[in-house]
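Structure first, then comments.
No lab work stands behind these numbers, since they all come straight from the coordinates. Nothing here was measured: the structure is a model prediction, and the numbers come from that model. Heads up, the Cβs are rebuilt from the backbone with ideal geometry, glycines too, and the neighbour counts pull from every protein chain shown.
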Amino acid sequence: MSASTQTRRFRVPGEEAPRVLIDNRTELPDEQVQTAVETHFSEHGSFMGQPAPSFSTYDGGSLMNRSKFTVPTTIVEEIKLARELAERDDDIAAVIGQMIGTAFGDGMENFHEDELTTTLFNGVAKKMNLDGVFAEIYREWLIAQQFTTVHLFTRDRFDYTPEGGDGRSRKEFSLAWPSIGILPAENIRLIGSDLFGLARLAYDPDDNAELKRWLEEFFNEKTSPARKAELRREDPVSAQLFIEQVPFKEPGTLFAGTTKFAYLLNPRMVARTTGPKGSWPHPRPLLTRNFPLLEAKRLLNLMDHALLQGGVNFIVVAKKGSDQRPALPEEVANLREVVSRASRSGVIVGDHRLSFEIITPNLESLLHAGKRKLIGRKLAAGLLRVPEHATDDAAQEGMKAELEFIARTITFDRRQIKRHVENYIYEDTVKRNKGVFKYDHAKLWFPKIVLSGTNYFTDYVLKLRDRGDIPRKWAVEAGGFDYEAGLSQRKREVERGDDETLMPAAVPFSDPAKGPQDNNSGRPPGSSPNNGAPGARQGTGKDPNAPKQTFTRNGGETVRAMHTEEEGSFRVGELTWALLEQYADTSEVGRLTSFEQTALASTEPSYSGTLAVFPVNPDYEVAEVRAVRLAPGFSALVGRRKIDKALVAKALCFRAPEFDLLEGEETAMRLGFVTSEPAAT
């Protein structure tokens, strides 16, 4: 027992031989504490007419246990204290859970330029429950500012189907994939200097008696080979994980001179990442940087527990006499006997000078919201690594800036975990599957953390997508949707013709010839330019100062599903189908000339001698383009739209002397591909 904790046994007056155990955890001498306890129980026992009961105290973590706070003396004790706080403290546990949800609530994804690599790594991530591993690693990081992972490879089969393929193109691969665990930071020991991060990692099993017994027997020189083989069968993972027993000295303790044993960890299975620590073996945990704050939280809990415990107790005061007629000693003695008997029967008889008072504790400080909020915010700020809150008003700019700091802090933590998994676990996965992964490992991607200003971020993503600077997939995922599911749904909608059924309503003052959502030409002729305001001039429908357009095309013709006995079901543009039907008797399919091939890449009319090519349907990307010679001097370049294989025209070609420029434009307008009036030449 320590010097500050002494036990004494003594007699209580009035008892024959009662034994009472006193646990002195104060700074007062034991004799003074003994005298105070004797006096207290003797007085109360005689007042109640009963001898003082025998008692004993229990130093096992009860609600009323007011043991002194002991400052950790080593980094290992600090980590253990931080882990206990993370598991038991309401404020700290809530902040850790919120940070994990913020960091990984939107999931993750693997990406690589090789489709096979991306698909297989996504399958491996699903198999190893990588989302759950990230949460466990981040929790360890917040507790100890370091984490040590151990990965064990097993073999399984994974399927791969190329994008757009069917069951016949499915392939099966046998891959070695890792299971990942996290070793407690307080059990990790470093053998050698870690100035350059080259120290060997070892494990101290002191808090695990069963593992310690297994390791001591397994690495004992006297253990027979047959017994070692049996031990390997009992725990095959430990037989691979631990490779050697080494002596080490625990620094900074009373036992620094005592040699202990740790067990080297297999470097092929174990990897460690730490926060900033300088040349020290371990970084300081975030939760144990401010010991007075932790002590304040502990004492606040003790005070609340004591008040809750005392709130159900009270003292009854019986009075006899008044200011004019004080009670005589005989009356007081008689009242004591009466109260002692009445405490069992509940009946007391007296005159008007008899009165009773009930005294209860003052509970004004019980569960004080201000104190708890102050300490809770300080502990949360320590984990989030932000200073004191700038303002309590969430609408203030200071709070918005603080949210941005928090997002950056969590993003930094998440990047450490990402680099660890990529550099150690993904890299090892590629090495063990060299025949499958030929282009290095996949990269991990997490959505951007946005805690404030969501509208600005959404607008930013839309602008990047409009400029073509980011893929459509990233824009969809920034909105919180799964791209593959959305892509499949969109294909089904196009095949069913939902675009034609769920046609958007027309916008007022739109030109029906340009589509229901077109409003670029302004109001129709004869309307007012400002909704009929007084004094408004009659509108003409066009800006007289605007440059005259010579060739305006529809963005894309309407595509419909068709069915014929010869062709079966297929999709084709309405205008293209009408054109092919009109010239069905004279048309024939030919090859594209070099000039026609070049003209397809342009969005403006192209001319070469007597040939003019007018591109149409500019919003459609097509493939398998063929030249359909409709009539002498008139051809259509027709291809299949990439998204649904619909047959659409991509350009109209006119050759002199059958057609000149004006006649070609008039023909395109008559067919519906060109909606502006032809320009005079």
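For the pair residue 656 and residue 583, a Förster radius of 22 Å applied to the C-beta separation gives a FRET efficiency near 0.70, rounded to the nearest 0.05.
Obtain the nm distance between the two label points defined at residue 561 and residue 365 by a simple spin-label model: each point lies 7 Å from its Cα along the Cα-to-C-beta direction. That separation, rounded to one decimal, is 7.8 nm. Put in line by how crowded their Cβ is, counting other Cβ atoms within 10 Å and starting with the fewest, 182, 79, 100, 358 read 358, 182, 100, 79.
Taking a straight Cα-Cα cut-off under 28 Å and skipping sequence neighbours fewer than 8 places away in the same chain, the lysines within cross-link reach of residue 249 are 80, 212, 222, 228, 260, 277.
The alpha carbon centroids of segment 177-199 and segment 84-163 are separated by 19 Å.
Looking at segment 290-369, the GluC sites (Glu not before Pro) that sit in a DSSP loop and have at most 13 other Cβ atoms within 10 Å of their own Cβ are 364. With r defined as the distance between the Cβ atoms of residue 303 and residue 176 and R0 fixed at 56 Å, what FRET efficiency is calculated, to the nearest 0.05? So the FRET efficiency works out to roughly 0.50. Neighbour counting of Cβ atoms within 10 Å sorts the residues 148, 667, fewest neighbours leading, into 667, 148. Put simply, segment 565-681 fits an ellipsoid with semi-axes of 22, 15, 14 Å; these come from the alpha carbon gyration tensor as the roots of five times its eigenvalues, largest first. Taking θ as phi - 60° and the Karplus parameters 6.51, -1.76 and 1.60, the scalar couplings of segment 134-141 work out to 4, 5, 5, 5, 5, 4, 5, 5 Hz in sequence order, x denoting glycine and proline.
Within segment 429-509, the proportion of Cα pairs with more than 20 Å between them is 61 percent. Site pair residue 591 and residue 246 shows an inter-label distance of 7.3 nm when each label is modelled 7 Å from Cα along Cα→Cβ.
A Förster radius of 30 Å combined with the Cβ-Cβ distance from residue 154 to residue 216 puts the calculated FRET efficiency at roughly 0.60.
Return 659, 158 ranked ascending by Cβ neighbour count within 10 Å, so the fewest neighbours appear first. The fewest-first ordering by Cβ neighbours comes to 158, 659. Straight-line cross-link reach from residue 642 at under 12 Å between alpha-carbon atoms covers these aspartates and glutamates, not counting any fewer than eight positions away in the same chain: 619, 621, 624. Checking the Cα-Cα distances for 126/491; 438/473; 127/297 against a 32 Å cut-off, the pairs over it are 127/297. For segment 465-471, 3J(HN,Hα) computed residue by residue from phi via the Karplus equation (6.51, -1.76, 1.60; θ = phi - 60°) reads 5, 4, 7, x, 8, 10, x Hz, glycine and proline entered as x. Charge tally for residue 422 (other residues, Cβ to Cβ under 14 Å; Lys, Arg +1; Asp, Glu -1): +2.
Distance between the 7 Å Cα→Cβ label points at residue 493 and residue 358: 7.0 nm.
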